[in-house]
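Structure first, then comments.
The values are calculated or read from the model by the stated rules, or taken from the named source; none is laboratory data. As the structure is a computational prediction, the values presented were derived from the model and not from experiment. Note that each Cβ is placed from the backbone with ideal geometry, even for glycine, and that neighbours are counted across all protein chains shown. What goes into the accessible areas is simple: the full protein's heavy atoms, side chains included, and nothing from ligands, DNA or RNA. Shrake-Rupley method; radii C 1.70, N 1.55, O 1.52, S 1.80 Å.
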There are 2 protein chains.
Amino acid sequence: MTQITKKVTLKDIAQQIGCSKAVVSTVLNRSKGNTGVSKGMREKIEQVALEMGYRPNFSSQSLARQRTMTLGAYIPPQPWGSIGSTYETVIFRGIEKACQELDYDLLVFNRFGDLRHEHCMEKLYQRRVDGLFLVHAHGGCDWLDGFLKTGVPIVGVDYSNPEPQVDALTFDNTGAIKGAVEHLVSLGHQRIAYLGQVGHRMVLDQQLRRDAYIAALKQMNLPMNDDWLLCEIDGPIPKGVDHYDETSRRTLNYLRSVPADQRPTAIITFNDRTALNLIQDLMQNGYEVPADMNVISVDDSYLCRVLRPRITSMSHPLEAMGYRATYMLQNRIENGVPEDNQGIHELYPSEVVIRQTTSTPRK
Amino acid sequence: MTQITKKVTLKDIAQQIGCSKAVVSTVLNRSKGNTGVSKGMREKIEQVALEMGYRPNFSSQSLARQRTMTLGAYIPPQPWGSIGSTYETVIFRGIEKACQELDYDLLVFNRFGDLRHEHCMEKLYQRRVDGLFLVHAHGGCDWLDGFLKTGVPIVGVDYSNPEPQVDALTFDNTGAIKGAVEHLVSLGHQRIAYLGQVGHRMVLDQQLRRDAYIAALKQMNLPMNDDWLLCEIDGPIPKGVDHYDETSRRTLNYLRSVPADQRPTAIITFNDRTALNLIQDLMQNGYEVPADMNVISVDDSYLCRVLRPRITSMSHPLEAMGYRATYMLQNRIENGVPEDNQGIHELYPSEVVIRQTTSTPRK
DNA sequence: CACATATGGGCCGAGGAGGGT
DNA sequence: GACCCTCCTCGGCCCATATGT
């Protein structure tokens, strides 16, 4: 490890050798693109640079090159309190991996949802980030214009209903729910319920998954029942009451109120956390899972692997999306806006990960 | 929102007004520290800057001020696969909050443990970060010297056994375990076991907690038994076998092999994840928690709130530590090394968070 | 000669065009 | 033509000087 004490600059190297700093610069940053520097000089410079422990000054490089090699990420505030931001963390794993490969640094804003987007825009703009991720947002937000106006390349990761001009990677919510229904049907289930978010303020993902449930039942000619949109009929949940506790309670009430041969044999839940609570409450109330009730969730986070029984879930390729998004962003940065001004939209499919909460329905 | 198209510089503003860029600079970055600029000029400049949507160029500022207003964070690779890095995420919540207050940006390296420290040092040095967090590390690591040599101010967050010269915030592992024992004793427990990491490659935290368990029993004159360092007697866990599954299996075997009146009535687990698995396996094998067996863990992550029964746990003030660490780092940056070259060491205590897995022992 | 106010220009550290030998 | 150098640029900071009253 080279001893690092005083900052070494190009000039220092040049003086040490007795040449101009231009040559040094030439050698040091395109050692491949041979721009007429003699072999002797080139080797001398490289050696001295190493000895002196030279590291180019990043601010200076950014200034001269008009590139910061930094990408920004903005996460719009989520209505639900982030569960330690587990969900976003997976996306960032993919982003950071690609950033390392491409030698970008990453600046994350609003990871914990307490900043207004105007403030983030200010910072992004000030920092002159080369590109921007919009993480887990969706089309139609009023603040998007502000970001677009900056002229900074943008890509949406896990971005539903994208505007035509922005690049976006979208999770196939509809396909995921359909896949869940198909999995259950293949096991022999017919009466399938759905447990989502109850009441007002439904986020787009929630809406999409709920609608997809209805559509899938219709498409596959399965029996439908208003009550199977569990809890919805009971209306919004009062303030101060825990959403998970209350939906579990209502669900259990409903199940008790219906004779076994009319009861749903499986429940699709909006996400893992919902499944986790539902399963635990079912079991505490004498229902065996999956013997008495099947459960399948969407997202396949690590929660599914931690609970006994382990939860069957529809995968969400968040890490792959983050990874891919980074390369798309790089492409935008290097090649600018395409002539037709059309963004690239990619749809990411979901696959069923079979664990222990689904099986054939009780006869 | 101001339309942002072309980058506005100080010169642009100066030209627009017909003054020198020096005045503009003076006004724009210490509008309070009145350095002889006429009120008229000052107002004019501020107004025009606003109209033109001026944002100082960050790279340029950094270059001139020799300050990047960026802090780096390094997380040494952990031997266990990070559970979505939940643990570190909590620390970063505190760090990021303070960074916002102090107007620092944060660059995180190695969040997912795939970078070598040499590489991170390179990047940190290149980026000229103003200061550096060492997250969840501990004293005595061979790579520390490399970081110290850079001369960048350093603070350890959740840093055990700190070297005297570095600033460090340390979690009171010993006190946490002692607190757990005291809680159990206050409920009437006497035979208390400990479930930690089994076998070689024990991380410092694990070692500290294990030793603290032994010390606490001794100190409080509680009965001791080699078997109560659960699983240790059975030796290392073979490769390819899941650590949690295997420790649960061994623990259950042990419990079955001992008559009820000699059996421990409570188990302290190394962390939440261990508690989670243990509890689920106990319950699946006919033990009621806490009726037949009490469990208390350390860390109090959100897992404790998610499982039924909810887990009693010793809190770990990770967020507060991250927050405080940032201010300590800022202090180092602004005031340099103290004359005695002694770091500040702060010890953070743990408190018991009582939930549903502890109660009085079965009579 | 003070004093308030504005300006010129060098500096930070690198990139790179164009000219000279 | 091979090789190296001079000089200006990026954008903001700030000290040392004007200029005016």
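Odds and ends about this structure:
- Once the convex hull of all Cα atoms in the range A:10-56 is built, its volume per residue stands at 65 Å³.
- Rounded FRET efficiency, nearest 0.05, which uses the C-beta distance separating A:K97 from A:N335 and R0 of 22 Å: 0.50
- Taking the range B:10-56 and dividing mean pair separation by its residue count, relative contact order in percent (alpha carbons under 8 Å, at least six apart): 43 percent
- Among the residues of A:59-71, the average count of other protein chain beta-carbon atoms within 10 Å of the residue beta-carbon is 4.
- Cβ nearest the rotation axis (A onto B), residue from chain A and distance to the nearest whole Å: A:S59, 2
- Exercise: per-residue mean of other protein chain Cβ atoms within 10 Å, A:303-309: 4
- Other copies of B:S20: label-to-label distances in nm, shortest first, labels 7 Å along the beta-carbon direction: 3.0
- Percentage relative contact order, chain B, counting C-alpha pairs under 8 Å, at least six apart: 18 percent
- Interface size, chains A and B: roughly 5900 Å² of accessible area buried, both sides included, 1.4 Å probe, rounded to the nearest 100.
- B:E163 paired with B:I233, simple spin-label distance in nm, labels 7 Å along Cα-to-beta-carbon: 4.2 nm
- A Cβ-based charge dipole, computed about the Cα centre of the range B:173-315 with Lys and Arg at +1 and Asp and Glu at -1, lands at about 120 debye.
- Using θ = phi - 60° and Karplus 6.51 cos²θ - 1.76 cosθ + 1.60, couplings along the range A:143-155 (whole Hz; Gly, Pro as x): 7, 4, 3, x, 5, 4, 4, 5, x, 6, x, 10, 9
- Qualifying trypsin sites (Lys or Arg not before Pro) in the range A:187-239, where qualification requires a DSSP coil assignment and no more than 11 other C-beta atoms within 10 Å, comprise A:R201, A:K239.
- Residues considered: A:I17, A:I192, A:I237. Largest GNM mean-square fluctuation over chain A, using C-alpha springs under 10 Å, is found at A:I17.
- Our helix-only sum for chain A, with -39,500 (n - 2.57) per DSSP H run of n ≥ 4 divided by its residues, gives a mean residue ellipticity at 222 nm of -13000 deg cm²/dmol.
- Modelled spin labels at A:D261 and A:E346, positioned 7 Å past Cα toward Cβ, are 5.2 nm from each other.
- Along chain B, longest interval not containing exposed GluC sites (Glu not before Pro), exposed being DSSP loop plus at most 12 other Cβ atoms within 10 Å: B:1-287
- Chain A shape via C-alpha gyration tensor axes, a/c threshold 1.5: prolate
- Prolate/oblate/rounded label for the range B:173-315 (Cα gyration tensor, a/c 1.5): rounded
- Remark: spin-label model distance A:S25-B:Q356 equals 6.8 nm, labels positioned 7 Å along the Cα→Cβ axis.
- Among the trypsin sites (Lys or Arg not before Pro) in the range B:250-295, none is located in a DSSP loop while being surrounded by at most 13 other Cβ atoms within 10 Å of its own Cβ.
- Computed from the Cβ-Cβ distance with R0 of 45 Å, the FRET efficiency linking A:V241 to B:D226 stands at 0.40.
- Between copies, the label points of B:R67, set 7 Å from Cα on the Cα→Cβ line, lie 3.0 nm apart, reported in increasing order to one decimal in nanometres.
- In nanometres and ascending order, the distances from the B:E351 label point to those of the other copies are 4.7 (point 7 Å from Cα along Cα→Cβ).
- Scanning residues 5 or more positions from B:G156 or on other chains, those with amide H under 5 Å from its amide H are B:L134, B:D167, B:A168, B:L169, with H placed 1.01 Å from N in the peptide plane.
- Calculated FRET value between A:S60 and B:H119, using beta carbons and R₀ = 22 Å, to 0.05: 0.50
- Gyration tensor verdict on the protein assembly as shown (Cα atoms; rounded if a/c is under 1.5, prolate if a/b is larger than b/c, oblate otherwise): oblate
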